[in-house]
1. Straight distance only, please: which lysines reach the Cα of residue A:132 with their own Cα at less than 22 Å, same-chain residues fewer than 8 apart left out?
2. Using square roots of five times the C-alpha gyration tensor eigenvalues, list the equivalent-ellipsoid semi-axes of the protein assembly as shown in whole Å, biggest first.
3. Would you mind pulling out the separation of the Cα centroids of segment B:334-403 and segment A:135-169, in Å?
4. In the P(r) worked out for chain A, what percent of Cα pairs fall beyond 31 Å?
5. So how do B:309-316, B:168-175, A:222-229 stack up, highest first, on mean other-Cβ count within 10 Å?
6. Specify which residue in the list A:39, A:97, A:297 is farthest towards the positive end of the charge dipole of chain A, using unit charges on the beta carbon of Lys, Arg (+1) and Asp, Glu (-1), about the Cα centre.
7. How well do other chains shield peptide B:336-343, expressed as the mean number of their Cβ atoms within 10 Å of each residue Cβ?
8. State log₁₀ I(q)/I(0) for segment B:58-140 at q = 0.24 Å⁻¹ as given by the Debye formula over alpha-carbon point scatterers of equal weight, solvent excluded.
Amino acid sequence: MVFILFGMFGISVVLVIPTISEAQLEKKTFVTHTGGVISTTGEVIDPLYVASTMEFDPMKFLREFNYGKVSQLSDGSTLREFTIIAEDDKIMEISPGVFYNVWTFNGTVPGPTIRATEGDLVKINFINNGSKEHTMHFHGIHPAEMDGVFESVGSGGGRFTYEFEAGPVGVHPYHCHIMPLEEHIVHGLYGVFIVDPKEKRSPADEMVMVLNGFDTDFDTENNFYAANTIPFYYQHHPIQIQTNQKIRVYVVNMVEFDPINNLHLHGNLYHYYPTGTDTVPSFYTDMVTLSQTERGIMEFEYLYPGKYLFHAHKVEFSEKGWIGIFLVKDGDHQDSQNGVDYGT
Amino acid sequence: MVTTKILKMGWIMELDNPSKGKIIASGIIPFIFLIILVAYIFGPGSDLLNLGVPLPEIIIEKIDFLESEIQVTVRNTGPIPVEVVMADVNDRIQPAAIEPDRFLERYETALVRIPFEWNEAEPYIIGLTVEDGTRFERQVEAAAPALRPNLEFVGLFALIGTYVGIIPVMIGLLWLPFIRKISKQKNHFFFALTVGLLLFLGIDSIEEAFEVVDDHLSGSFNGVLLIATTIVLSFLGLYYASEKLTGKADSLRISKPVAIGLMIAIGIGLHNFGEGLAIGAAVGLGSIAFSTFLIVGFALHNTTEGFAIAAPMSRGKTMIGKLLGLGMIAGTPAIFGAWVGGFAFSPFSSVIFLSIGAGAIFQVIVIVLKWIRDEGDKNLSSASVVSGLAIGMLVMYLTSILV
């Protein structure tokens, strides 16, 4: 029995000694997404460093507008045809190293940005290739049977054609409206629908930002937030713009669970058009608060070149990914000539 | 089911034909079938068991607060390998390093190092996210600098161990002359009192082991059964050894009272090791502030342990040297426990030590009870024995409130 005691002393020595002697392994140094420096013999786990197989490109999505297949109707009005396919079996890397089952319109979260001019006839051939029922519900003005609520589209290839006149002018969300609604939205079945005024907005460098989040552990709290799906993306890949260039951002808040979201711009203020329905801005500010599906248009120009943050001033969201940078370069043009011409 | 059937067959064969080769064969055949069964399940039959979804599970075993850094020890306790891909502090994503790498096989551990300017005494929740987006967290009530085994802390823990272990036990031993001078009847009272004290200590050890299991050990270790198994094994091992020891007491040139005293001292020593672990770990994990009051409580509580050793020793010749030796055996493990607990806390080994201690104590109880029974005309229900036991428990309970 005395041996047990001695054994005990032995074990305590064995356990304590290794913690005293420091292992001498080769250390590598990394700069992390917060700017902090890590020195380690292992590997870094940071949304920046973990090897990524990301297929969704937020930079491409940012300035991508889908105008549909355009044709003229006999009465002279324009018909825009779109094909939207819903799926719900895709596993996507939504943040480096984190895989989540996204439900998608045309394979991405958010779905394609659908764009039309006020008065155009919009025709959407909707195909549901998912394993559950899905629909497309547009915010805007349309007949009841085009509302995508009571006309559920069956799984495995079900079809429905949504037809309505584009309106009113503004920026609107579209999303699936099958119950349980929250589940269908948070998995990713949403996108942006822009209705341009007939008399066109001024030329500008235009972009879309869908503010969204992901609840990857299903505890009805978001684990990640982002502008356009991938956390911290625009922080590592700043959005390049130019001085004295009008920037127009179509912002749509699709965050669920949290009652509000917001957008704060550094080193500048923006003219804000709530819902984009008016051509006269309502505010000149650097901070708007957005509730669920609340949206609007922001217009601004930078005078000075450099790096400017934009992020949720609900800092929890920004520390979970909803943060980005505008990299402003000296523009060599006189006025807004580089504006993307839209409405084709 | 199948294997039991085969086992029975083997047994029958053995009865029918007692030739040696067949006996060996019949003993091996069940194993062969067992191997075939396992091979089938892992091989061609693996599809049959693809039911349900295996979920990842990791446990944060330990959180250390270093200068400008939080270190997190994580273990994969689930049924599948996992990949730790993200760390957060208070639910805010933080860049971190993971050593040796982010891939954890079953039961493998890794160290996550999060650069972070933490504030002392503030609560923190550390979270880790695995590749399917599931987040696991652990809370620290108050951040305190992690202990590094430098000379200062080694000395401090030695001092604490001396205060709560050695000194109280030695003081308790001073009751020896008193016990020696009283009648046999009253003597039995004090033996029974010792049993009461020990019984309380044994239950106390088990309770502490349960606490460690609840707070730090993953379900996959079957913590409760680990405790039960260890206690029984410790009890049986020590029981067997002690029978040998007391049986050979004469040939080993030690008297029976000394042998029993030694057994009690070892049992209490193991318990004090566990107590030291608890104190060291609590200081190390920052879960308690170590107060003078706590040390006084432990000291008062442990004085009774010295008494437990003194009681049987009162029956032999007084040998100061042996008495001091037993006191050291019982007391010093508190120091070692504090070192291990403070500098190299491991929930698994803590549970093991606490359970061994409990088993040792129960073994001592059996020995002492047997002794009282042999001496007291095969009677364990005399007033002195019953009251001694009851008062022993009560005294321990009352002094435990101080801790």
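1. A:90
2. 72, 32, 21
3. 75
4. That tail contains 40 percent of the Cα-Cα pairs.
5. Those peptides, ordered most packed to least, come out A:222-229, B:309-316, B:168-175.
6. Among A:39, A:97, A:297, the one farthest towards the positive end of the dipole of chain A is A:39.
7. Neighbouring Cβ atoms belonging to other protein chains average 4 per residue here.
8. Result of the Debye calculation: -1.17.
No value in this document is a laboratory result; all are computed from the given coordinates. As the structure is a computational prediction, the values presented were derived from the model and not from experiment. Heads up, the Cβs are rebuilt from the backbone with ideal geometry, glycines too, and the neighbour counts pull from every protein chain shown.
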